[in-house]
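The values are calculated or read from the model by the stated rules, or taken from the named source; none is laboratory data. Because the structure is predicted, anything quoted here is derived from the model rather than measured. Neighbour counts run over all protein chains shown; Cβ positions are idealised from the backbone, glycine included. The protein model used for the area step is the full one, side chains on, heavy atoms only, and it has no ligands, DNA or RNA in it. Shrake-Rupley method; radii C 1.70, N 1.55, O 1.52, S 1.80 Å.
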Amino acid sequence: MNINPAKTLLLIVDVQNDFCPGGALAVNEGDSVVAPLNALSSALSQKGGRAAATQDWHPAEHSSFSQWPPHCVKGTKGADFHPGLDLNNVSIIIRKGFRQELDSYSAFFENDSCTATGLEGCIKQTNIETVIIGGLATDYCVLYSAMDCRRLGFNTIVVSDAIRGVGQPEGSVEKAIETMKSNGIQFYTSQEILDVLG
Ligand code: VGL
Ligand code: ZN
């Protein structure tokens, strides 16, 4: 693993109440991503790196609610970050999926693949080379974010113990991991990354 901490961004994807146990679109063990992400965020900020977090942020009758149970309605408790998530070192927050007719799985582009969220410009201006990604859900927002990130030319690392998936349709988590790996996205545990950060 070859990373310069000062040119590295931790991207925390959708660690929100609705994707955690008890939430409207709960991901199995979704809250277990919080501890490794907090550890990485703190270690990275001490080495001059940065952290960003995304929030799924839908209007009350969003078009995606035909496919998914209503979730992450803007301004509701379900759309809040998990209360255990340490936001102290998060300097960039990106809200996505707020247009009525357009969903956004990726932290970079909405699902029309061309409407930018602004994250790319934001991190290019801060000379980021490596993006470390964790959060929810492996087979949707993490997958789309990591694939866009790699395509945009960033060294892209997914934290294997800081992701959890929806698992629908069956096999989607395994397929997502395969797709990411075959596209040059690297997988490391949070401990492996912490060891490199020193
Ligand atoms: C997500 C389904 C619908 C995600 C968001 O964060 O992975 N999945 N909206
Ligand atoms: Zn959503």
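Can you tell me the accessible area per residue over the chain, all protein chains present, probe 1.4 angstrom, in square angstrom?
43 Å²
Across region 1-152, how many lysine pairs, 8 or more positions apart or on different chains, have C-alpha atoms separated by under 28 Å? Please give the number.
8
So for the chain, taking the charge dipole from beta-carbon charges (+1 Lys/Arg, -1 Asp/Glu), which of Thr130, Ala39, Thr54 sits furthest toward the positive end?
Thr130
Which net charge results when you count Lys and Arg as +1 and Asp and Glu as -1 among the other residues whose beta-carbon is under 13 Å from that of Ala79?
Neighbour charge sum, excluding Ala79 itself: 0.
Describe numerically, in nm with one decimal, the distance between label points set 7 Å from Cα along Cα→Cβ at Lys7 and at Glu174.
About 3.8 nm separates the two model spin labels.
Under unit Cβ charges (Lys, Arg +1; Asp, Glu -1), what dipole magnitude, rounded to 20 debye, does region 1-145 have relative to its Cα centre?
Roughly 540 debye, rounded to the nearest 20.
Probe 1.4 Å, all protein chains in place: accessible area of Glu120 in Å², nearest 10?
Accessible area, nearest 10 Å²: 50 Å².
Solvent-accessible area of Glu174, probe 1.4 Å, all protein chains present, reported in Å² to the nearest ten, please.
120 Å²
Work out the length of the dipole vector of region 1-85 about its Cα centre, built from +1 on the beta-carbon of each Lys and Arg and -1 on the beta-carbon of each Asp and Glu, and round it to the nearest 20 debye.
The calculation lands at about 440 debye.
Starting from the Cα of Lys47, step 7 Å along the direction of its Cβ; do the same at Gln67; then give the gap between the two resulting points in nm.
Each label point is offset 7 Å from its Cα along the Cβ direction, giving 3.6 nm.
Tell me the relative contact order for the chain as a rounded percent, counting alpha carbon contacts under 8 Å between residues six or more apart.
So the answer I get is 25 percent.
Report the Cα centroid-to-centroid distance between region 151-178 and region 17-85 in angstrom, as an integer.
Between the Cα centre of region 151-178 and that of region 17-85, the gap is 16 Å.
Per DSSP helix of 4 or more residues, -39500 (n - 2.57); summed, then divided by the residues of the chain. What does that give at 222 nm, rounded to the nearest 500?
Estimated from H runs of four or more residues: -7000 deg cm²/dmol.
Considering only protein heavy atoms and a 1.4 Å probe, what is the carbon-and-sulfur percentage of the accessible area of the chain?
That share works out to 48 percent.
First select every other residue whose beta carbon is under 11 angstrom from the beta carbon of Val34; then total the charges, Lys and Arg +1, Asp and Glu -1.
With Lys, Arg at +1 and Asp, Glu at -1, the neighbours total -2.
Starting from the Cα gyration tensor of region 82-198, take the square roots of the eigenvalues, sort them a ≥ b ≥ c, and report rounded, prolate or oblate (rounded when a/c is under 1.5, otherwise prolate if a/b is larger than b/c, else oblate).
rounded
Which value results for Rg/Rh of the chain when Rg is the Cα radius of gyration and Rh the Kirkwood radius based on the inverse mean 1/r?
A ratio of 0.93.
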